[in-house]
Amino acid sequence: MIQVIPSDGQTLVNTGDWRSCDSDLPYRGKYNVGRYTMGYDFMFQYMHIVHNLPISLDNYRDDTSALSSTENAIAYLEHYGIIDNTVLVNMRNMIKHPKDGFIILQRENVITGIYKDNYHGLQ
C-alpha cells in the first residue's frame, strides 16, 4: 500500500469534477479528461497500483534524447503496448468516476496521483 502526504495545493478529485464549465470542450488529446490533464506521476502510480507494474525511471534514462526519463518511459510503454488505448480509457474512467477505495489528487487541473486504501492525507 502507498501512503503519501499531499503537497500544497493538491485537492481530491470527485466523480464529475472532470467536467468543464464549458459544455462544448473539444477533444484535447489522449492525456486529457475534460478539464484535467493526466500527469506522468499519476500514470506511473496507476500502472503500479492497478496493474501491479512498478516503473523505475532509471530504466528509461537516455542522455542522447531530448526527452526526459519520464517522457522516454511513457513513449516506451506506449510503443510496446503496455499502455494502450484500453489502459488509457481505464485511466480516464478512474478520473471521471474514482472507484471505492481509491483517492485521485489534482493540482491546477493536472492529475498528480492515485492512492489506494490507506491514504488519509485529506479529509
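The values are calculated or read from the model by the stated rules, or taken from the named source; none is laboratory data. This is a predicted model, so every value here is computed, not measured. So basically every Cβ, Gly included, is an ideal-geometry build from the backbone, and we count neighbours across all protein chains shown.
If you go through region 78-119 and keep only what is over 13 Å from the mean Cα position of the chain (by Cα) and surrounded by 16 or more Cβ atoms within 10 Å (Cβ to Cβ), you end up with LYS116, TYR119.
From the list TYR119, TYR46, TYR115, TYR76, the lone residue that is outside any loop (DSSP other than H, G, I, E, B) and modelled with pLDDT under 85 is TYR76. Annotation: of all residues in region 1-43 being small (Gly, Ala, Ser) and in contact with a strand residue (DSSP E or B) (Cβ under 6 Å, 6 or more places away or on another chain), the one that is modelled with the highest pLDDT is GLY39.
A count restricted to region 79-112 and to residues that are assigned to a helix (DSSP H, G or I) and modelled with pLDDT under 90 stands at 1. In region 32-46, the residues that are free of Cβ contacts under 8 Å to residues at least 40 places away in the same chain and farther than 13 Å from ASP17 by Cα never reach a residue that is among the basic types (Lys, Arg) and in a helix (DSSP H, G or I) with C-beta atoms less than 6 angstrom apart, at least six apart or across chains.
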